[in-house]
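Readers should treat all values here as calculations from the given coordinates under stated rules, not as data from a laboratory. The model shown is predicted, which means the values in this text are computed figures rather than measured ones. Every residue, glycine among them, receives a Cβ derived from its backbone with ideal geometry; neighbour counts consider all protein chains shown.
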Amino acid sequence: MYVRTDKRDQTRRVVTGEQADRIDDAHEAMAMGDLAGYDHRVRETTDRLRVRFGHEPAYRDVRWSMLNEDQLMHQARRDYGLYRNTQWKMMEELDRSGPSKQRQALEFALNIFYIDQCEPNNLGGLPNAEELGARPWGPAPELVRGSLTEWIGSRCEELGITAEQAARDYEPAAERLKTALKMPQRWVAIWPQCL
């Protein structure tokens with residue numbers, strides 16, 4: 001059980017995890033100035049999933065579907081910073097899903113770590129962004145340990161593997177991500193200095 005204040009009606013109440021996610025997502029949409037768009041999108045996605053599943057979908061399924069759509073849109077627009085943020089939300093969702101999803105959550109964490117090390121930028125889908133001096137990826141940053149590496153380390157420990165083994169196991173996924181996002185650095189050049 002969680003306690004949340006719903007800013008729509010200014011009520012504070014005890015809610016389930018799913019209700020807390022709905023309220024948190026609505027607050028984020030309000031902060032972005034698009035609550036009506038968010039509400040419409042939730043209804044549309046719920047309707048689509050209801051037809052596909054043959055029953056009322058859980059909000060977790062609706063949320064995951066919207067995150068997948070966001071991820072594809074950000075990739076197409078070359079908004080790699082926003083893509084990274086969506087990956088973070090997906091990692092959190094998997095992490096909350098319990099032990100059976102820990103390995104998947106770890107892969108998302110490694111994606112985020114890899115993207116962060118290449119300094120993602122958002123080009124907003126502008127076809128001539130690079131002609132105007134915008135770059136999808138910044139210069140190579142100094143590689144520093146942070147809370148994400150600590151999270152990765154603790155998940156590896158829970159899974160009974162070393163961070164080095166997780167980094168090696170992740171290499172094929174990293175190559176696919178590098179190709180899909182046209183990332184400037186290879187995973188094998190980054191992880192030995194960081195994890």
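Quick look at the numbers
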read-out: Criterion (among the aliphatic types (A, V, I, L, M), over 27 Å from residue 125 (Cβ atoms), touching a residue at least 24 places away in the same chain (Cβ under 8 Å) and surrounded by 15 or more Cβ atoms within 10 Å (Cβ to Cβ)) met by exactly one of 58, 105, 20; value: 105
read-out: Test: residue in region 11-20 that is part of a helix (DSSP H, G or I) and of a type in the set (Lys, Arg); value: no
read-out: Residue list for region 164-187, filter: over 14 Å from residue 102 (Cβ atoms), buried (at least 18 other Cβ atoms within 10 Å of the Cβ) and more than 18 Å from the chain's Cα centre (by Cα); value: 167, 187
